[in-house]
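Colleague: Before we start, here is the structure in question, set down as structure tokens.
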């Protein structure tokens, strides 16, 4: 396939745009494809709808992990405790966990993946 010169390329684009405008106006010179009949905003909204319906898994329920808290077991939940906490995904199972922040150690795995069933 040979490449088109710039003037041939522009002429081809203008011809196709002219043909599309004439067909839209009602002239019987051909048919438009379904994709050509859609407006740019309709194409964007359909692409967004397709993205949302791709079967993305919902975010897993948020769990809690005391993660070697010095006060464990205190009977408080993460929301009611005064200790600092952070939210992160477990490196093994991917579940979102709210965990106690401990400056000495780095948190990577949830309580279940570490093997501790509290």
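Colleague: Expressed as an acute angle from 0 to 90° and rounded to the nearest 10, what is the orientation of the C-alpha long axis of helix 40-52 relative to the principal long axis of the chain?
Modeller: Long axis of 40-52 versus the principal axis of the chain: about 30 degrees.
Colleague: Of (i) 2.07; (ii) 1.35; (iii) 2.17, which is the value of Cα Rg over 2.2 N^0.38 Å derived from the coordinates here?
Modeller: (iii)
Colleague: With the contact rule set at Cα under 8 Å and sequence spacing of 6 or more, what percent relative contact order holds for the chain?
Modeller: Value for the chain: 19 percent.
Laboratory data are not the source of any read-out in this text; all were calculated from the coordinates shown. All of these numbers come straight from a predicted model, not from anything done at the bench.
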